[in-house]
1. May I ask you to verify whether Glu90 is acidic (Asp, Glu), open to solvent by 80 Å² or more (accessible area, probe 1.4 Å) and closer than 24 Å to Arg17 by Cβ?
2. Tell me whether segment 160-175 contains one or more residues that are modelled with pLDDT of 85 or more and touching a Pro at 6+ places or on another chain (Cβ under 9 Å).
3. Every residue in segment 70-87 that is more than 30 Å from Gly151 (Cα to Cα) and open to solvent by 90 Å² or more (accessible area, probe 1.4 Å), please.
4. Would you point out which residue out of Arg17, Arg57 is open to solvent by 40 Å² or more (accessible area, probe 1.4 Å), in contact (Cβ under 8 Å) with a residue 40 or more places away in the chain, closer than 17 Å to Leu3 by Cβ and not in a loop (DSSP other than H, G, I, E, B)?
5. Of all residues being of a type in the set (A, V, I, L, M, F, W, C) and within 18 Å of the chain's Cα centre (by Cα) in segment 90-110, which is farthest from Ile2 (Cα to Cα)? Just the residue, please.
6. Confirm whether Leu99 is open to solvent by less than 40 Å² (accessible area, probe 1.4 Å), of a type outside the set (Val, Ile, Thr) and within 26 Å of Ala141 (Cβ to Cβ).
7. When you go through Ala37, Ala67 one by one, which is the residue that is crowded, with 16+ Cβ neighbours inside 10 Å and either under 27 Å from Gly98 (Cβ atoms) or among the aliphatic types (A, V, I, L, M) (or both)?
8. Does Glu94 satisfy being touching a residue at least 12 places away in the same chain (Cβ under 8 Å) and acidic (Asp, Glu)?
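The values are calculated or read from the model by the stated rules, or taken from the named source; none is laboratory data. Bear in mind the structure is a predicted one, so any value in this text is a computation, not a measurement. FYI the Cβ positions are ideal-geometry reconstructions off the backbone, even for glycines, and counts take in every protein chain you see. With ligands, DNA and RNA removed, areas are computed over all heavy atoms of the protein, side chains included. Shrake-Rupley method; radii C 1.70, N 1.55, O 1.52, S 1.80 Å.
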Amino acid sequence: MILAVVGGAHGIRGECRVKSFTEEPEAFGRYGPLFDAKGNRYTVTSARPQKNMLLVRFAEVTDRNGAERLNGTELFVDRSVLPETEEDDEFYLEDLVGLMALSVTGETIGAVVAVHDFGAGDILELAPERGATVMIPFSEAAVPELDIEAGTLTVEPVAAGLADTVDEDEDEEPGDGEPDGSDSEEEQP
């Protein structure tokens, strides 16, 4: 589970600017060693807030060059080391991966394959049975129902921006507002 991303070097002694995704930003170092995608281990020896980031010292990074090499590195921890959620309606975003997305009418849209945060809110990436993945906002309007125990979430296609990609009514007749290609205008002499 991703806990933080390194934003670059700070100073000459190996400190890094880090964006933490934990509820309490400084807490990301409390879960034991962190790992990057290649399996490299990072042990937090200190973390202090600075504006909207943290200045972090890792035991494995001793100079600016080492800190600069970490720029953009995502830091992960195994899901099993995180505390259990306290409330029934609380969950980790990682828990959404693998859920089946169903439309409000019960049609299968696809499986959640990733949760992204590009800065404007959480985004769910869905993989349909065929075709490319689609991304939808993880908002109450787009995802009105969530049942982690059942392994499903309900998607409102219009609010999720999927109205054009989900075949809502394949039996529509030409002339009911849908272009069928036969209404092309011919040039009059």
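1. Details: acidic (Asp, Glu): yes; open to solvent by 80 Å² or more (accessible area, probe 1.4 Å): yes; closer than 24 Å to Arg17 by Cβ: no.
The answer is no for Glu90.
2. The initial filter retains those residues of segment 160-175 that are modelled with pLDDT of 85 or more, namely 160-162.
With touching a Pro at 6+ places or on another chain (Cβ under 9 Å) added as a condition, the list becomes 160-161.
Within segment 160-175 (the criterion being modelled with pLDDT of 85 or more and touching a Pro at 6+ places or on another chain (Cβ under 9 Å)), the answer is yes, since at least one residue qualifies.
3. As a first pass, look at segment 70-87 and keep what is more than 30 Å from Gly151 (Cα to Cα): 70-73.
The answer is Asn71, and nothing else.
4. Working: Arg17 fails: in contact (Cβ under 8 Å) with a residue 40 or more places away in the chain.
Within the list Arg17, Arg57, the selection yields Arg57.
5. Filtering segment 90-110 down to residues of a type in the set (A, V, I, L, M, F, W, C) leaves 91, 93, 96-97, 99-102, 104, 109.
Applying the additional criterion that residues be within 18 Å of the chain's Cα centre (by Cα) yields 91, 93, 96-97, 99-101, 109.
Working: Phe91: 15, Leu93: 10, Leu96: 14, Val97: 13, Leu99: 18, Met100: 22, Ala101: 22, Ile109: 26 Å.
Filtering first and then ranking leaves Ile109.
6. On the way: open to solvent by less than 40 Å² (accessible area, probe 1.4 Å): yes; of a type outside the set (Val, Ile, Thr): yes; within 26 Å of Ala141 (Cβ to Cβ): yes.
Spelling it out, Leu99 is indeed open to solvent by less than 40 Å² (accessible area, probe 1.4 Å), of a type outside the set (Val, Ile, Thr) and within 26 Å of Ala141 (Cβ to Cβ).
7. Values: Ala37 fails: crowded, with 16+ Cβ neighbours inside 10 Å.
Only one candidate passes the filter, namely Ala67.
8. Details: touching a residue at least 12 places away in the same chain (Cβ under 8 Å): yes; acidic (Asp, Glu): yes.
Yes.
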